[in-house]
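Let me begin by presenting the structure, written as structure tokens, before commenting on it.
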Amino acid sequence: MTDDGKIIQFPISLKRLVFRDAITIPPRPWLMRGLLLRKQVTSLIAAGGIGKSIFGLIVGMHLAAGRDFGPFKCVNGPYRVAVLSVEEDADELERQLFREAIDVVIIDPFIEIWDGDENSNPQVKGAAAIIRRMIRRMNAACLLMHHVKKGGVVPGDIDAGRGASSLAGLVRLAHTLTNMSKDEAKTFGLDKPAGFIRLDRAKGNYLPPGEEATWFQLQSVEIGNADPAQNLPSDLVGVVAPWTPPKAFEGVTTEDVNRVLDLIEEASKNVPYSRNGNATDRYVITLLMTELGKTEAAAKTIFSSWWDSELIVEKTYPQLSKGKGGKGLIVDNSKRPDRVVRIF
């Protein structure tokens, strides 16, 4: 009812719900499973300079070729892709990638395609609703690039997007794209985090619970447009390639594990290894790095798994060095990988 007393009637019709055989229900219309769904908007939230534009173009190229991209499976492709970019001119887009026609619409960025107050929930919702209506009429999917607000961005935070929060409620899928941190680089045994980005699901109404982050590496490639007459080299453009972090136990066999455990066990009879970094030549992490050919970060990960499972435990020794007691490491042989008790 309005303020003047008029009754507004909405065209509502009732439909009886009939439970169908599950096999007759069509599957969700994924174009790229986990990322793009027909008639729905996917938001990609990232700060400037992270690589979201080239990420979107690479996704578009894979869709146009009907190929999977990292963990995202292209379903029944290839597809036609349209790119609406406000940040790059035509020449730059052609240097990187461009395909005409419409199955997927990539909009980069959201804030530049409409003129309104980005902090107004009604206006943001209205602008996003227009995009959603458009792609539903086209029976297309939309990848919508969205900048982040000021301050740090927590991977997977749906509220990291710039401006009003109503956009988060309208989209059905959302991901954040963030740089690798220094701590993450150290964990993976990398010298520096530059050039590595992580994709985290922030919202997935049609997906099972999220798992670990998906990693990508930014790389530069030449496009082959050098001009020798003017002594101009080929242009370099950025590409995004799937990247898998090194696994701590990758390449480590059961024999390798037992060989290292043998060394720890043998040392425990005389001068034991220690988990204290001040133990110099008896520091157990150094042993793992040397014997298994691992980085310090990977060696610490391996040792942590042994320590947490109590495969390796600590024992107090009444006398270790200079007549003083201390703690050293011993092996619980009953918990070895091959479950064989070794007698020395």
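Computed from the coordinates by the stated procedures, all read-outs in this text should not be read as laboratory data. As the structure is a prediction and not an experimental result, all values here were calculated from the model. We place every Cβ from the backbone using ideal geometry, glycine too, and count neighbours over all the protein chains shown.
For this structure, a couple of remarks:
- Neighbourhood net charge (10 Å Cβ-Cβ; Lys/Arg +1, Asp/Glu -1) for ARG172: +3
- Measuring r between the beta carbons of THR280 and ALA194 and using R0 = 30 Å, the FRET efficiency lands at 0.35.
- Residue-count net charge about ALA297 - beta-carbon cut-off 15 Å; Lys, Arg +1, Asp, Glu -1: +1
- Exposure proxy order (Cβ contacts within 10 Å, fewest to most) of LEU84, LEU167: LEU84, LEU167
- Measuring r between the beta carbons of LYS39 and LEU232 and using R0 = 51 Å, the FRET efficiency lands at 0.65.
- Modelled FRET efficiency - R0 35 Å, THR244 with LYS335, Cβ distances, 0.05 increments: 0.75
- Label-point separation, ILE113 to LYS186 (7 Å along Cα→Cβ), nm: 4.2 nm
- Working from Cα pairs under 8 Å separated by at least six residues, relative contact order for region 254-335 is 28 percent.
- Computed over the chain, Kirkwood Rh from alpha-carbon pairs, angstrom: 24.7 Å
- Cross-link partners of LYS300 among lysines (Cα-Cα below 26 Å; sequence separation of 8 or more within a chain): LYS182, LYS186, LYS192, LYS247, LYS269, LYS315, LYS327, LYS335
- In range of the label at TYR206: residues from region 146-186 whose backbone nitrogen is under 14 Å from the point 7 Å along Cα→Cβ: 171-174
- At most 15 other Cβ within 10 Å, DSSP loop - trypsin sites (Lys or Arg not before Pro), region 258-300: LYS269
- Fully extended contour minus Cα-Cα distance, from ASP21 to ASP256, at 0.36 nm per residue: 79.3 nm
- Dipole magnitude for the chain: about 1460 debye, using +1 per Lys or Arg Cβ and -1 per Asp or Glu Cβ, origin at the Cα centre.
- Summed side-chain charge close to LYS192 - residues other than LYS192 whose Cβ falls under 14 Å, Lys, Arg +1, Asp, Glu -1: -1
- Computed from backbone phi with θ = phi - 60° and the Karplus coefficients 6.51, -1.76 and 1.60, the 3J(HN,Hα) list for region 260-273 is 5, 5, 4, 5, 5, 5, 5, 5, 5, 7, 10, 10, x, 6 Hz; x is used for glycine and proline.
- Helix 121-138 axis, angle to the chain major axis (alpha carbon atoms, nearest 10°): 80 degrees
- Burial ordering of VAL239, VAL18, VAL104, fewest other beta-carbon atoms within 10 Å first: VAL18, VAL239, VAL104
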